[in-house]
Every structure is written in structure tokens, then in C-alpha cells.
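The values are calculated or read from the model by the stated rules, or taken from the named source; none is laboratory data. The structure displayed is predicted, hence computed values, not measured ones. Neighbour counts are summed over all protein chains in view; Cβ atoms, including those assigned to glycine, are modelled from backbone coordinates with ideal geometry.
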């Protein structure tokens, strides 16, 4: 039977993803050969203490749970907007941990990021160098080798040896379970990137032209290429990648720009707001245990200032942690709290807290 919600927000890992109903007919994918998702332990960054802690302590609101499930059911990307420090990037780690989706793939966006960067990277110079070395070893007269279109040559000059899938390209492999992909700070991208993503996210597939050409010249088995976040190789037949289980894609935005309507209509949009007093206490409790009297006073003062400017939850967590850990008198604690919790975008102003 289908399960709602699949993602519960309880931070307890389970296999509910297997009870996800079939996708809408217009979002069905049939990529092959089917791959098993790598174990989380295979990616050292996935088991780093900071990411594990974020995944275990994330406090999802009811709205977050509902819209995460909507994205999972509809096989649509989730666009998460909101002020800095509201847990936008932490959400994907919490979902991946609870639903056992394997290591989170992460693509950090800059103004220079292109769709190609997210799909794959190919180094033709290293391939040329390998081909020349192979030719020299076999007495090749022209020094160029004879692997112009070869895939999987033993001498290391085949295209697949010099090509690695990016985080987006890896997420769209035909895994049996959805992979989790974070596209972080999409609003920092070049104006063209959201539009460039449209077709790939809509179709759930892409081509690698270098492998397509090689397959035409030397038809045969699938190329074995490196995937992002692992040293293992995965098969890519005829240079074409198509997903089977559409990945759980989270795109984060700090609201620094608007996105084209065509992009927005293909996403489920979640706007995270500053937490209220109950939610903020739950966050503090998850990270640092039950708030004591001084921690509660910091929570109250944090909330009273939040309407006048942007504050991040981790600023409050830092202040409470130091109040518990540092041997300081009350006056020094007050001064330290002022310095730790300035409005974002400006330096600390001791006289405003």
C-alpha cells in the first residue's frame, strides 16, 4: 500500500521509500541497467560528524514534511527558499538519512557554474597524454596512438578513463532508489543556468557527446565511468544516461533573484521562515539538550530582535553553547552574546542587543 507521509520528519531511518506509489504517467522513467545506491559509508564526506549531526537533529515543520512528500510523490525538484540560517541545505541530509537514500550528492553553485559542470567533466589533455604514452610504448610513429574513438582501451587512453560524472549527472543514473542531490544557492548562478536545467530535470536524462561519438566509432559494451563521490565505475551505454527513480533534488535560494516562470512551475516550492518560539526551543533541545533559564532568555531576546533584521539560528546556538561551556561571569556572557548575534550583513553592534 502507498504510504503518506513517506518522509515523516522524525529522524528515524526506515525503508518507507519502497512504499512510494508509482509516479504520475508524465513523470515515469525507465533507465537501465538498474543500479544499487552506494552505501553511505562509501563516502567519507557523508559520514562526517557535521553532516551526521545536521541530519539527526533537523527539526522539520509540518509544512516542510508535507512539501517534501509532495516532491517525492510527484518526482519534482524541491526549491527551498528563505533567509540564511533557516536550515535549507540541512533538509536534504535529514531526508536522505531518514529514507536511506545513500550519500547526498552536492553541487555548490557559483556565478561561473554551468550545466556541463553538474553533468560531467572530461579532460581531453590527460587523454592525449595517455595516448602518446601508449604510442611511445608500442613504437607508434606519430605519437598520437590509435584510440581516436576507443572506449575502454587497456592503455588508459579511452575516453571513459578521463571522464567523471558530476553530482547532477550521478543523481540521474538509473538507481533503484532515488539519490539525494543538493543544488546549493541556485540564486548565485548565471542567469542562464535555471533555464538550462529545465530540460534535464524534466526529461530525467542527458547525453555525453564524447561517449556518443565514441560509441558510433566503436560500438560494443557500455563505457565504465567514474561517478561523483566514489571511486567506483558505473556503466553508461552509448553515451546516454536516463534515470529510473527520479532523484530527490533540493535547490536552495536565499532569495537574491527571481526565477523564470517555466522553472518555477517545474518545482515544488517551500519557503522556510524564521522559527517561532516553540520551534526554536525544539531546535535548541535537539542540538544542545533542554534549554536552561539563561538559554531561554537568549531565545526570547533572539525572537524579539528577529523582526528587525535577519538572524540565523546557528548564531543563537553558538551563544547558548558558549554560555554553557565558557567560565564567564554574567556581564561577559552578555557582551559575548552581543558580539555573536549581530544582524546578518552587518558587524556586531553591542548597543542594539
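May I ask you to say which residue of 291, 247, 275 is surrounded by 14 or more Cβ atoms within 10 Å (Cβ to Cβ) and closer than 18 Å to residue 86 by Cβ?
275
Output the residues belonging to region 164-191 that are part of a strand (DSSP E or B) and surrounded by fewer than 21 Cβ atoms within 10 Å (Cβ to Cβ).
164, 184 - these are the residues of region 164-191 that are part of a strand (DSSP E or B) and surrounded by fewer than 21 Cβ atoms within 10 Å (Cβ to Cβ).
Does region 74-90 contain at least one residue that is assigned to a loop (DSSP other than H, G, I, E, B) and more than 22 Å from residue 258 (Cα to Cα)?
yes
Identify all residues within region 48-80 that are in contact with a strand residue (DSSP E or B) (Cβ under 8 Å, 6 or more places away or on another chain) and under 16 Å from residue 313 (Cβ atoms); write none if there are none.
Once the filter is applied, which keeps residues that are in contact with a strand residue (DSSP E or B) (Cβ under 8 Å, 6 or more places away or on another chain) and under 16 Å from residue 313 (Cβ atoms), region 48-80 yields 64, 80.
Go through region 294-323 and give me each residue that's free of Cβ contacts under 8 Å to residues at least 40 places away in the same chain and buried (at least 17 other Cβ atoms within 10 Å of the Cβ).
295, 298, 299, 302, 306, 316, 317, 319, 320, 323
Please enumerate the residues belonging to region 18-29 that are surrounded by 11 or more Cβ atoms within 10 Å (Cβ to Cβ) and part of a loop (DSSP other than H, G, I, E, B).
20, 21, 23, 24, 28, 29
Yes or no, residue by residue, for (1) under 24 Å from residue 29 (Cα atoms); (2) in a loop (DSSP other than H, G, I, E, B); (3) at pLDDT below 90:
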residue: 219; (1), (2), (3): no, yes, yes
residue: 238; (1), (2), (3): yes, no, no
residue: 250; (1), (2), (3): yes, no, no
residue: 270; (1), (2), (3): no, no, no
residue: 285; (1), (2), (3): no, no, no
residue: 299; (1), (2), (3): no, no, no
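Run residue 279 past the list (1) more than 19 Å from residue 54 (Cα to Cα); (2) assigned to a helix (DSSP H, G or I); (3) under 31 Å from the mean Cα position of the chain (by Cα) and report the number of the one that doesn't hold.
Among (1) more than 19 Å from residue 54 (Cα to Cα); (2) assigned to a helix (DSSP H, G or I); (3) under 31 Å from the mean Cα position of the chain (by Cα), the lone unmet condition for residue 279 is (1).
Just name the residue that is farthest from the chain's Cα centre (by Cα) out of those in region 192-217 that are modelled with pLDDT under 90 and surrounded by fewer than 17 Cβ atoms within 10 Å (Cβ to Cβ).
Per the criteria, the residue is 217.
Every residue, every condition in (1) touching a helix residue (DSSP H, G or I) at 6+ places or on another chain (Cβ under 9 Å); (2) closer than 22 Å to residue 2 by Cα; (3) buried (at least 20 other Cβ atoms within 10 Å of the Cβ); (4) at pLDDT below 95, yes or no:
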| residue | (1), (2), (3), (4) |
| --- | --- |
| 42 | no, no, no, yes |
| 55 | yes, no, yes, yes |
| 65 | no, yes, no, no |
| 74 | yes, yes, no, no |
| 86 | yes, no, yes, yes |
| 89 | yes, no, no, yes |
| 103 | yes, no, yes, yes |
| 109 | yes, no, yes, no |
| 114 | yes, no, no, no |
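With the checklist (1) in contact with a helix residue (DSSP H, G or I) (Cβ under 7 Å, 6 or more places away or on another chain); (2) in the same structural domain as residue 79 (by TED's automatic domain parsing) in hand, flag the one item residue 303 doesn't pass.
(2)
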